[in-house]
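The numbers here are math on the coordinates, done by the rules we state, and not lab data. Predicted, not measured: the structure shown is a model, and the values here were computed from it. Counting neighbours? That spans all protein chains shown, and the Cβs are built from the backbone with ideal geometry, glycine included.
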């Protein structure tokens, strides 16, 4: 699992580098690139924390014999998972609110940019 998380983090760092290269072409500012890279880093850390918590919850619910000291640690991880789920729900709501406020033209522009980026990404990784 840790190896998979590391692979995802490595892939995201490559994506961030490519985003930086694309940003120069599109005229985005350095601050926007730095903010995006920071969000990717924060998301990677949060993903690792969620995956660890999910494994802990699975072990606890699955009836696996766990030493007593670890049960407290697992309960802490489950509590952390609950907080993470609340955070994800909050961000999803913020995203939905933001997306609903965008005019149709801006949504089309963002989707068009996303499609261009995905096409570029697929060409690079063929």
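Here the extension length gained between residue 75 and residue 106 equals 6.7 nm, from 0.36 nm per residue of separation less the Cα-Cα distance.
FRET efficiency for the pair residue 82 and residue 10, taken as 1/(1 + (r/R0)^6) with r the Cβ-Cβ distance and R0 = 25 Å, rounds to 0.30.
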